[in-house]
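The values are calculated or read from the model by the stated rules, or taken from the named source; none is laboratory data. Quantities reported herein were computed from a predicted structural model and do not represent experimental measurements. Neighbour counts are summed over all protein chains in view; Cβ atoms, including those assigned to glycine, are modelled from backbone coordinates with ideal geometry.
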Amino acid sequence: MARLDLASLLILLTTLSNFASALKFDLAAHTGHSNKYERCIRNFAGKDTLVLVTAIVDGMKGDGQVVNMHIKDALQNEYGHPRDLVGENRMAFTTHADAHFDVCFENALVAQHAVISPSRHIELDIDIGADARDWSAIQAAEKLKPAEMELRRIEELVQEVVGEMDYLRTREQKLRDTNESTNERVKWFAFGTMGMLVGLGGWQVVYLRAYFRSKHLI
């Protein structure tokens, strides 16, 4: 049964890898620079993971539009800010932490003359981990057969899946510990609040009895 599950996982990984396609969208040009004009694509990668960003931007330099790319993660780590992109552009980096990272594009309109509906078409492809490695170079360097190279690539994909599952299990454990700690604190806070209310009620009874006695009402 375990062998069948592993085989199914390998087939699934291979299928997903073969059918992965780039994200395509049009980016309208705007005057000025502001984050509200950025188009961002978010993804997640573990610490010390290789990421390869490939962006194909149509148009030509000097047409009055300047496309800039900005790559950063949720912890404010900066991975690159290339400017005036045209054609195919590749950028590889290694992540510094387990966090989401954003690949943002901005199209600045710098033309001195009027441009009707200025925009640029962008194709974006993000490869993470084993998919980001240059397997052709590895095959040539280590003199691997095509089948050996494919098995090597699938093996690394499986290792990444296992690592991701370990990471999720660790996060689940941390969240469960936090939940149990919060429940324990809430319980003792509730007990403390009830004790304080009972004490306050007892003090009010004693105070009122002493007050009425002083007034000779009881």
So, residue 193, is that one free of Cβ contacts under 8 Å to residues at least 60 places away in the same chain, under 40 Å from the mean Cα position of the chain (by Cα) and either loosely packed, with under 10 Cβ neighbours inside 10 Å or in a helix (DSSP H, G or I) (or both) or not? no
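For the range 25-50, which residues satisfy the criterion of being assigned to a helix (DSSP H, G or I) and basic (Lys, Arg)?
36
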Can you list residue pairs whose Cβ atoms sit under 6 Å apart, with the first residue in the range 24-50 being outside the structural domain of residue 94 (by TED's automatic domain parsing) and the second being in a loop (DSSP other than H, G, I, E, B)? Count only pairs 6 or more apart in sequence or on different chains. none
Report the residue count in the range 154-170 for those that are acidic (Asp, Glu) and free of Cβ contacts under 8 Å to residues at least 24 places away in the same chain. 2
Of all residues in the range 70-123, which are among the β-branched types (Val, Ile, Thr), under 23 Å from the mean Cα position of the chain (by Cα) and exposed (fewer than 15 other Cβ atoms within 10 Å of the Cβ)? 94
Pick out the one residue from 203, 188, 135 that is closer than 30 Å to residue 86 by Cβ, free of Cβ contacts under 8 Å to residues at least 24 places away in the same chain and of a type outside the set (S, T, N, Q). 135
Just for the range 76-103: of the residues that are in contact with a strand residue (DSSP E or B) (Cβ under 7 Å, 6 or more places away or on another chain) and in contact (Cβ under 8 Å) with a residue 60 or more places away in the chain, which one is nearest to residue 45 (Cα to Cα)? 102
Here is a check on your reading of the model: is residue 170 loosely packed, with under 14 Cβ neighbours inside 10 Å and more than 17 Å from residue 50 (Cα to Cα)? yes
